[in-house]
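S.K.: Here you go, one structure.
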Amino acid sequence: MHEKVILDKISSVLQATDEKLVEGLVAEVERAGRIFLTGAGRSGLVSRFFAMRLMHCGYQVNMVGEIVTRSIVAGDLLIVVSGSGGTESLLPFVKKAKSVGARVAIVSMKGKSPMAELADLVCQMGSQDEYSFVTVQGMPMGTVFELSTLIFLEAIISRIVLAKGLDDDKMRALHANLE
């Protein structure tokens with residue numbers, strides 16, 4: 001029963017999300033020199049999941065804040081996962097990326113936010129109204145956003161995998177072998 005509530009809610013958010021955003025984010029990924037990802041808290045975990053999958057697809061990927069992360073430059077892409085689009089610790093990253101000529105994509109619950117104002121692409125999860133993310137009993141504190149975003153980003157990976165003709169062997173060859 002609990003699984004059905006969760007799956008139904010995630011499905012309703014994904015159905016209310018504009019399908020053109022998948023194409024838009026795939027296009028941003030394809031045109032990027034390198035891809036940088038960030039998010040805070042649980043959204044940060046979702047961004048890490050997406051970063052790993054992009055790396056498996058052969059892209060040059062960096063997680064913001066890691067000791068080996070390179071400088072972002074013009075031609076690169078910063079993808080920020082932020083439910084509010086206003087996370088104070090992430091906004092300076094958006095501003096820095098824009099100041100050096102990098103492109104910025106925001107994945108958020110909100111189409112209008114401090115980050116959205118600066119972004120080249122805003123992937124608003126759910127609908128324009130506030131009903132997509134009404135609290136669902138048993139899905140506390142942003143769970144709906146995080147799980148629907150995880151599935152949305154995995155759908156982008158699926159599209160890339162199919163478009164590039166990647167298979168498990170090609171992707172596994174890039175997977176960490178020092179674990």
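Just so it is clear, none of the values below were taken in a lab; they were calculated from the coordinates. For clarity, every value in this text was computed on a predicted model and none was experimentally measured. Virtual Cβ from ideal backbone geometry, glycine too; neighbours counted across all protein chains shown.
S.K.: With the crude spin-label approximation of a point 7 Å out along Cα→Cβ, what separation in nm comes out for L118 versus S11?
M.R.: My value for the distance between the label points is 3.9 nm.
S.K.: So which aspartates and glutamates can K4 reach, going by Cα to Cα under 19 Å and dropping same-chain residues fewer than 8 places off?
M.R.: E146
S.K.: Mind scanning K96/K164; K20/K164; K20/K95 and naming the pairs with a C-alpha gap bigger than 28 Å?
M.R.: Pairs exceeding the cut-off: K96/K164.
S.K.: Sticking with this one: How much length, in nm to one decimal, is gained on full extension between S158 and K96, taken as 0.36 nm per residue of separation minus their Cα-Cα distance?
M.R.: 19.3 nm
S.K.: Explain nothing, just compute: Karplus ³J(HN,Hα) = 6.51 cos²θ - 1.76 cosθ + 1.60, θ = phi - 60°, for every residue of segment 163-179 in order, whole Hz, x for Gly and Pro.
M.R.: 5, 8, x, 6, 10, 4, 5, 5, 6, 5, 4, 9, 5, 3, 10, 10, 10
S.K.: Check which residues have an amide H placed less than 5 Å from D76's amide H, if you skip close sequence neighbours.
M.R.: G33, R34, R103
S.K.: Next question, about the same structure. Between C123 and residues 5 or more places away or on another chain, which pairs have amide H atoms under 5 Å apart, with H built 1.01 Å from N, and which residues are they?
M.R.: Residues meeting the criterion, in which the H sits 1.01 Å from N, are I106, V107, S108.
S.K.: Multiply the residue separation of Q137 and M171 by 0.36 nm, subtract the distance between their alpha-carbon atoms, and state the gained length in nm to one decimal.
M.R.: 8.4 nm
S.K.: A further question follows. Provide the percentage of antiparallel DSSP beta bridges, counting only those with both residues in segment 2-172; round to the nearest 5.
M.R.: Just about 5 percent of them are antiparallel.
S.K.: Right, something else. Which of the peptides 51-57, 13-19, 164-170 is most tightly packed, and how do the rest follow, going by the mean number of other Cβ atoms within 10 Å of each residue?
M.R.: My ranking of the peptides, most packed first, is 51-57, 13-19, 164-170.
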